[in-house]
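Participant: For reference, the structure I am asking about is given below.
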Amino acid sequence: MKKQFKLLALGIMFSLFLIGCNNDENSTPIGLETQQENSFSGKMTIRNHELSYKVNAINELDFTASVKIDHILLHAKVQYDDQSIDFDGKSAVLTLDQKETLLDLGNEISKYLFKDKSVEDFTMAEFTLLRLLEYWAKSPSGFPHKKRSITSNVDPNYALKSRNEGITCIKKNTYVTAEYDDDSGNVRESILVNGNDCIGRCGSGCGSFFTIASAWTKDCLDHDRCGRVNGGSTNPFDSECGDEYAEAADDYLFGVIRGCRGR
């Protein structure tokens, strides 16, 4: 009887060990819950911040996305057919640490998606989440994420005349006039695109994990230059640049689709 009990106990322990191994094998570093062509979601903790993310396809070209960090919920409806975005963050303001955590989340998701070094195979749901994560993470200091709608209906060949060009592609290694305003008034400067830490690219600097899915546009150049002048090259979140940040939203999401590859 004792021998049978011992064998039973060993069998249970072995089964629990196998279950534990299987759970480790099935777990992901990004807390993945759903990964399908039309849905991508998960939960995880980074730098003591509780995070959850979810993207769902309404149809082939329309998506809803939400990211929650701590008590803050950021929501967006992205419509690629008419290139519009509806944002709603309940006027929440992200701290610098929270914004850096969103970049870390994007980094972890990118490392998971492109672990085999291939950057050709990703879904529109995954692309939408990555672009929104980086855009939200680049919000200026004190920027309230209010409910707002953006529609990009400007022809991509529109000349560089106004402050908000819709989406205007720019080429790397060419000079383009950056335009922004701060306490000194309206500023116009001729800037070498890509000349300083990938200035003009919609997103983080050179070497970013988002490089394959980023556009090069005039509005992003304006925001980059404004942030570097007013916030320093290591802190582009300056509150002086809120309007430039708002104007660059469609560039982040739709610039690549418009063909703004910097070439």
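The values are calculated or read from the model by the stated rules, or taken from the named source; none is laboratory data. Everything numeric in this text was worked out from a predicted model, so none of it was measured. Positions of Cβ are backbone-derived with ideal geometry, glycine not excepted, and every protein chain shown enters the neighbour counts.
Participant: Name every residue in segment 178-194 that is farther than 22 Å from C206 by Cβ and part of a strand (DSSP E or B), in order of residue number.
Facilitator: E179, D181, D182, G185, N186, V187, R188, listed by residue number.
Participant: Pick from K54, K68: which is among the basic types (K, R), more than 17 Å from K99 (Cα to Cα) and modelled with pLDDT of 95 or more?
Facilitator: K54
Participant: Need the failing condition index for A248 against (1) at pLDDT below 90; (2) within 16 Å of the chain's Cα centre (by Cα), just the number.
Facilitator: It fails just one condition, (1).
Participant: Let me ask another. From the residues in segment 95-123 that are at pLDDT 85 or above and of a type in the set (G, A, S), which one is nearest to E37 (Cα to Cα)?
Facilitator: Applying the filter and picking the extreme gives S110.
Participant: Also, I was wondering about something else. Out of all the residues in segment 37-51, which are charged (D, E, K, R), modelled with pLDDT of 95 or more and either more than 17 Å from the chain's Cα centre (by Cα) or not in a strand (DSSP E or B) (or both)?
Facilitator: First, the residues of segment 37-51 that are charged (D, E, K, R): 37, 43, 47, 50.
Subsequent filtering for residues that are modelled with pLDDT of 95 or more retains 43, 50.
Matches in segment 37-51: E50 only.
Here is a yes/no grid of residues against (1) hydrophobic (A, V, I, L, M, F, W, C); (2) modelled with pLDDT of 85 or more; (3) outside any strand (DSSP E or B):
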| position | (1), (2), (3) |
| --- | --- |
| Y135 | no, yes, yes |
| S139 | no, yes, yes |
| I150 | yes, yes, no |
| V154 | yes, no, yes |
| Y158 | no, no, yes |
| K161 | no, no, yes |
| G166 | no, no, yes |
| K171 | no, yes, yes |
| V176 | yes, yes, no |
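Participant: Could you list, in sequence order, the residues of segment 55-75 that are assigned to a strand (DSSP E or B) and within 20 Å of Q35 (Cβ to Cβ)?
Facilitator: Within segment 55-75, V55, N56, A57, D62, F63, T64, A65, S66, V67, K68 meet the criteria.
Participant: In segment 43-95, which residue that is small (G, A, S) and in contact (Cβ under 8 Å) with a residue 60 or more places away in the chain is surrounded by the most Cβ atoms within 10 Å (Cβ to Cβ)?
Facilitator: The selected residue is A65.
Participant: Return a yes/no flag: does segment 61-79 have any residue that is over 21 Å from K147 (Cα atoms) and outside the structural domain of I167 (by TED's automatic domain parsing). Lay out the reasoning, then the answer.
Facilitator: Let us first name the residues in segment 61-79 that are over 21 Å from K147 (Cα atoms), namely 61.
With the extra rule that they be outside the structural domain of I167 (by TED's automatic domain parsing), the set shrinks to 61.
Checked segment 61-79: at least one residue is over 21 Å from K147 (Cα atoms) and outside the structural domain of I167 (by TED's automatic domain parsing).
Participant: Return yes when E240 is over 20 Å from the mean Cα position of the chain (by Cα), at pLDDT 90 or above and within 19 Å of P140 (Cα to Cα) and no when it is not.
Facilitator: no
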